[in-house]
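The values are calculated or read from the model by the stated rules, or taken from the named source; none is laboratory data. Here the structure is a predicted model, which is why all the values come from computation and not from measurement. Note that we place each Cβ from the backbone using ideal geometry, even for glycine, and neighbour counts take in every protein chain shown.
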Amino acid sequence: MKLAAPLVTWQNSYALGLEEIDEQHKMLFDIMNRIWEGIVRNADATTIGSALEDLERYTVLHFTEEETFMRSIRYPNFDAHVALHRRFVQRVAEEKAKAQSGERISLELLHFLRDWLVNHILVEDKRYVTQFQTEKHHTSLLGRFFARLGKKTA
């Protein structure tokens with residue numbers, strides 16, 4: 001039996017240039033595609049519930065690592081970004097509970113998950129990456145300036 005076309009496919013435009021986070025985003029896409037495949041194949045609620053549990057678990061892991069990174073760069077929109085993460089995890093947990101109680105997962109949920117993740121990467125995540133790259137650039141320029149200044153006074 002031929003596999004269904006993926007719900008979401010990784011595109012280079014989604015890359016943040018932070019290898020670990022990009023790999024985690026790809027894994028989230030893979031898990032969403034597993035859920036999609038289960039729905040298309042009319043898998044039982046236990047199978048889909050298990051995939052949603054994987055999505056929930058991996059999302060929490062990913063968000064924790066992403067939040068640690070944002071904290072380390074003192075991202076000014078940290079609290080708002082974390083609130084978005086919490087709402088997403090809550091939605092996944094609610095849908096997982098529904099699936100585990102035998103309810104069918106709607107296509108609307110999968111479209112929500114896909115759209116949320118893609119938008120989150122392209123808008124919200126790119127904001128902290130932009131800040132990181134700007135500050136890294138400024139720090140290196142400042143470091144070079146002080147290094148030169150130190151050589152002139154020595």
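What the table shows:
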{"read-out": "Condition met for Ile31 (at pLDDT below 90 and either farther than 17 Å from Leu122 by Cβ or surrounded by fewer than 19 Cβ atoms within 10 Å (Cβ to Cβ) (or both))", "value": "no"}
{"read-out": "Residue selected from region 81-100 under the condition among the charged types (D, E, K, R) and surrounded by 15 or more Cβ atoms within 10 Å (Cβ to Cβ), by the criterion farthest from His25 (Cα to Cα)", "value": "Lys98"}
{"read-out": "Any hit, region 8-28, residues being more than 19 Å from His111 (Cα to Cα), small (Gly, Ala, Ser), without any contact (Cβ under 8 Å) to a residue 40 or more places away in the chain and part of a loop (DSSP other than H, G, I, E, B)", "value": "yes"}
{"read-out": "Which listed residue, of Ala80, Ala43, is in a helix (DSSP H, G or I) and free of Cβ contacts under 8 Å to residues at least 12 places away in the same chain", "value": "Ala80"}
{"read-out": "Region 101-131, residues that are among the hydroxyl-bearing types (Ser, Thr, Tyr), assigned to a helix (DSSP H, G or I) and surrounded by 12 or more Cβ atoms within 10 Å (Cβ to Cβ)", "value": "Tyr128"}
{"read-out": "Meets criteria (of a type in the set (A, V, I, L, M, F, W, C), in contact with a helix residue (DSSP H, G or I) (Cβ under 7 Å, 6 or more places away or on another chain) and within 27 Å of Gln11 (Cα to Cα)) for Ala51", "value": "yes"}
{"read-out": "Which numbered condition Leu141 misses (of (1) modelled with pLDDT of 90 or more; (2) more than 30 Å from Glu37 (Cα to Cα); (3) of a type outside the set (Asp, Glu))", "value": "(1)"}
{"read-out": "Qualifying residue in region 57-66 (condition: assigned to a helix (DSSP H, G or I), over 29 Å from Thr134 (Cα atoms) and not hydroxyl-bearing (Ser, Thr, Tyr))", "value": "yes"}
